[in-house]
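The values are calculated or read from the model by the stated rules, or taken from the named source; none is laboratory data. In this text the structure is predicted, and so the values were computed from the model without any measurement. A quick note on method: Cβ atoms are made from the backbone with ideal geometry, for glycine too, and the neighbour counts reach across all protein chains shown. Heavy atoms of the whole protein, side chains included, go into the accessibility calculation; ligands, DNA and RNA do not. Shrake-Rupley method; radii C 1.70, N 1.55, O 1.52, S 1.80 Å.
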Amino acid sequence: FHNEKSPSFSVSPVKQMYYCFGCGAGGNVITFIMEYENYTFTEALQFLAQRAGISLPEIEYSEEARKKDDLKARILDVNKEAAKFYYFGLRAKEGARGLEYLTKRCLSEETIKKFGLGFAVTGRDNIYRYLKEKGYKDELLRSCGLFNYDERHGMSDKFWNRVIFPIMDVNHRVIGFGGRVMGDGEPKYLNSPETPVFDKGRNLYGLNHARTSRKKNMIICEGYMDVIALHQAGFNQAVASLGTAFTSGQANLLRRYTDEVLLTYDSDA
């Protein structure tokens, strides 16, 4: 829970308890996960149950609620596949310009991997064809925010010729994407639209890493590269407000993890 130069953390397997003589923190496996991962009680319970292979009792949902949950789960599955596609695209021959851009911005291979950065190559249906080959239906793909659609031309990739920044929730699930165009195209940055899993006013880029930083504060930036550069420099408590005005939803989210926030927005008008 903090930096310590001398051994001070004790675990008793018999009592199934832990205690830190440095700061006085103590408890059981559930409170440990709550403190270490910054999880709520329910999140800690779900995490531990999944790890132990135990099925927790499920709440009885209405048919409509079950359909919503099922759609969210399927969109998250699509996003995970898309993130992998973009990640490997950065290492492909066509992704050389994206990798060159990130290298020129002085990002290390470790940092690129940590944030799952990728590249969307030029073309109108690269990821569409990839996801169709994986068996995903058009109805689902239209819900995930990765494509443009019109009656005449059908589905086309929203992101192309862009470095891709996967946006993750606090549980490391990919909920959306941001893309930085290579060259002089517009807009310079393009973000996923709002979907059943992505509400930009209630999420913060980089919070999945920053929530376990063990720092006494959080740093709020404007953009993806600001967050990534700060993390690489050791300020791993940095997050970004996803190009929107800072919202009350984002403030409530931060309140779960810190009492002190440092604003590092750009100083333009």
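Taking the simple approach of a point 7 Å from Cα along Cα-to-Cβ for both Lys132 and Asn148, what is their distance in nm?
Here the modelled spin labels are 1.8 nm apart.
Roughly to the nearest percent, how much of the accessible area of the chain is carbon and sulfur, given a 1.4 Å probe?
Within the chain, the accessible surface is 51 percent carbon and sulfur.
What is the sum of charges around Tyr257, taking Lys and Arg as +1, Asp and Glu as -1, for the other residues whose C-beta is under 15 Å from the C-beta of Tyr257?
+1
Over what distance in Å are the Cα centres of region 160-233 and region 67-94 separated?
So the separation of the two Cα centres works out to 15 Å.
With the cut-off at 24 Å, tell me which of the pairs Lys104/Lys134; Lys67/Lys137; Lys72/Lys158; Lys5/Lys215; Lys80/Lys216 have Cα atoms farther apart than that.
As for pairs spanning more than 24 Å Cα to Cα, those are Lys104/Lys134; Lys80/Lys216.
Sequence gap at least 6, Cα distance under 8 Å: using those rules, report the relative contact order of the chain to the nearest whole percent. All intermediate terms of the calculation are to be shown ahead of the outcome.
Details: 389 pairs, mean separation 35.7, N = 269.
The normalised contact order for the chain reaches 13 percent.
How much area per residue is accessible in the chain when the probe is 1.4 Å and only protein heavy atoms are counted (Å²)?
On the way: 15910 Å² over 269 residues.
With all protein chains present, the chain gives 59 Å² per residue.
Give, in nm to one decimal, the length gained when the segment between Asp125 and Asp70 is fully stretched (0.36 nm per residue of separation minus the Cα-Cα distance).
Details: separation 55, 0.36 × 55 = 19.80 nm, distance 2.60 nm.
Between Asp125 and Asp70, full extension yields 17.2 nm more.
If Lys and Arg each add +1 and Asp and Glu each add -1, what is the summed charge of the other residues whose beta carbon sits under 15 Å from the beta carbon of Val11?
Once positives and negatives cancel, what remains is -1.
Using the alpha carbons of region 133-188, what is the convex hull volume per residue in cubic angstrom, as a whole number?
Dividing the Cα hull volume of region 133-188 by its residues yields 120 Å³.
Going by amide H atoms built from the backbone, whose H comes under 5 Å of the H on Phe177, apart from near neighbours?
Excluding prolines and chain starts, which carry no amide H, the hits are Ile167, Ser192.
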